[in-house]
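Contents: one structure, followed by commentary.
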Amino acid sequence: MNFVEFRSRDGVDLARLLAVNEVSPLELMRIAIDAAERFNKKTNMISYSDLEGALDKASRHQVVAGKFSGLPFLLKDSALASVDLPTSMGSSLFDGTQAQSDSTLAARFRQAGFISFARSTVPEMCMAPTTEARRNGGPTRNPFDFERSSGGSSGGAAVAVACGVVPIAHGSDGGGSIRTPASCCGVFGLKPTRGRVPIGPFRGEGWAGLACDGVISRSVRDSARVLDLIAGMEPGAPYAAPPGAGFEAGLRIPFGRPLRIAVWKDPWGLPVDPICRNAQGRTAELCETLGHEVIGIDPPDFDYCAFVDAIITVMAANITLSARTRLASERRDPNTDEFEPAILDGYYLGARMSAPDYAAAINRLHATGRMMTRMMEGYDLLLTPTLASLPVKLGTISMETADFKGFRHKVGELTPFLAVVNASGQPAASLPLWRENGLPVGVQLIGQFGQEDIVLRLASQLETSELWRTAQQWPDASAAY
């Protein structure tokens, strides 16, 4: 198998070939490593790698049918503990952190058959919708326009999937960090329901329940199968999703009735690029041709600025906690060059915070979940643009300014349809359904709590459309091959 054939197949198809011995894990690993090394020179998608170790594991791997057994895989350079690879969270302060044991999810990825050979790049502490970290030696570039953002914080993961380095890569989402890069890079990204995918055992929640883990993939069925393999509550977890299984098999089940899909256009008066609105509109028309009922709605009254402030409070508190934990043995504050200016400002903001400040922020996030529940009453899904603009130019949303609040409010202007879903814990996915001058434009589906199956089934229907096929493009590989 050559690279062109490798990247033309999704993970489910490659797993089938592995199961019948048409290709070997070692052959696929060699292709993936070669592609990663070539594309990384232009995009800067990789933060750590263990290529020799991965080749050794692939050479000894015994393929098991029905999983992703023997498939090359990337772990995000987040706080997900794995004995296979160190992590930095995109920060000099945390560079080279090595776990002594696996997180539950890392163990489940291994049980699913994935062979992790590298970590994908992230912005510092995963706190930006664009992957531009000093620790990485420069930005992670969008493979369709090197002067634009790949999205964040799972930017390196989305670039790797878009380029064809791997069909599936680990991502996490605390305010849109799977869906933003999926939109920017023209791939599929599902944020699961809160509590669906384990986050322990070393912590019970991420960012007060905002954060969850999942994957970015080439196809809807790839994400559905992964969810079947990694989902399930772990003992002692503070959250649990409603029971759910058979996500891949469910893709083939027709809807027994037309879905009621609410089209949400206005994010409380914030501007949305007409191109993003157009992508949403074309998707709404397509849903109607599939027989579903599409209804335009206005959102409930909501203080979006206060919501962003609540996220800022939670994030700042987590910056301070993480840094103090790291530095506890040295009994010092971080040096000014150990964080980028905005994150250092966030550290000091968290240090000044009071307990009532944090409690009020949690109450605000919980109220947001109730608001989203009211908005979805009587509807199966919400349809929105993923982002409020095309992929931004590099440097547009920068952590080089020593103003964490101002930085995060700029993030909020780009992602008004995203973080509210993290607060509510609902499942949501960015679908690659539009291109504008070669740039990907995502459209988001938001499901009722616990109903990833509905999101995935409609996404699978849309995946067969001409709209999706037209939007599916590979980056120019001439610079790499």
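General remarks:
- All strands (runs of 3 or more DSSP E) inside the stretch 72-168 with 3 or more residues being touching an Asp or Glu at 6+ places or on another chain (Cβ under 7 Å): 115-120
- All positions within the stretch 367-395 that are loosely packed, with under 15 Cβ neighbours inside 10 Å and either over 24 Å from Leu259 (Cβ atoms) or polar (S, T, N, Q) (or both): Thr373, Lys393, Gly395
- The stretch 454-464: number of residues that are over 18 Å from the mean Cα position of the chain (by Cα) and crowded, with 17+ Cβ neighbours inside 10 Å: 7
- Any hit, the stretch 132-142, residues being closer than 26 Å to Val12 by Cα and modelled with pLDDT of 95 or more: yes
- Helices (runs of 4 or more DSSP H) fully within the stretch 388-469 that include at least 1 residues being at pLDDT 95 or above and over 30 Å from Asp309 (Cβ atoms): 452-463.
- Test: Thr396 is of a type in the set (S, T, N, Q) and farther than 21 Å from Met127 by Cβ: no
- Evaluated against (1) more than 23 Å from the chain's Cα centre (by Cα); (2) crowded, with 24+ Cβ neighbours inside 10 Å, Ser24 falls short on exactly one condition, (2).
- Residue count for the stretch 92-135, restricted to those that are of a type in the set (Gly, Ala, Ser) and in contact with a Phe, Trp or Tyr (Cβ under 7 Å, 6 or more places away or on another chain): 5
For (1) more than 26 Å from Arg110 (Cα to Cα); (2) more than 20 Å from the chain's Cα centre (by Cα); (3) among the basic types (Lys, Arg), each residue gets a yes or a no:
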{"position": "Arg194", "(1), (2), (3)": "no, no, yes"}
{"position": "Arg225", "(1), (2), (3)": "no, no, yes"}
{"position": "Leu229", "(1), (2), (3)": "no, no, no"}
{"position": "Gly232", "(1), (2), (3)": "no, no, no"}
{"position": "Gly256", "(1), (2), (3)": "yes, yes, no"}
{"position": "Pro267", "(1), (2), (3)": "yes, yes, no"}
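- Matching residues in the stretch 27-61 - criterion: being assigned to a loop (DSSP other than H, G, I, E, B) and either modelled with pLDDT under 95 or buried (at least 17 other Cβ atoms within 10 Å of the Cβ) (or both): Asn44, Met45, His61
- Just one residue in the set Ala402, Ala310, Ala316 is farther than 30 Å from Ala262 by Cα, under 22 Å from the mean Cα position of the chain (by Cα) and surrounded by 15 or more Cβ atoms within 10 Å (Cβ to Cβ); that residue is Ala316.
- Residue under evaluation Arg332, criteria (1) among the charged types (D, E, K, R); (2) free of Cβ contacts under 8 Å to residues at least 40 places away in the same chain; (3) over 24 Å from Val220 (Cα atoms); (4) assigned to a helix (DSSP H, G or I), criterion not met: (4)
- Verdict on Ser78 being surrounded by 22 or more Cβ atoms within 10 Å (Cβ to Cβ), under 20 Å from Ala160 (Cβ atoms), under 22 Å from the mean Cα position of the chain (by Cα) and hydroxyl-bearing (Ser, Thr, Tyr): yes
- Restricted to the stretch 405-453, and to residues there that are in contact (Cβ under 8 Å) with a residue 12 or more places away in the chain and polar (S, T, N, Q), the residue that is surrounded by the fewest Cβ atoms within 10 Å (Cβ to Cβ) is Gln451.
- Subset tally (residues that are part of a loop (DSSP other than H, G, I, E, B), over 19 Å from Leu210 (Cα atoms), in contact (Cβ under 8 Å) with a residue 60 or more places away in the chain and among the hydroxyl-bearing types (Ser, Thr, Tyr)) for the stretch 351-387: 1
- Being at pLDDT 95 or above and in contact with a helix residue (DSSP H, G or I) (Cβ under 6 Å, 6 or more places away or on another chain) holds for only one residue in Ser103, Ser183, Ser92, Ser172, and it is Ser92.
The values are calculated or read from the model by the stated rules, or taken from the named source; none is laboratory data. Please read these numbers as outputs of a predicted model, since none were measured by experiment. All Cβ positions, glycine included, derive from the backbone under ideal geometry; neighbour counts span all protein chains shown.
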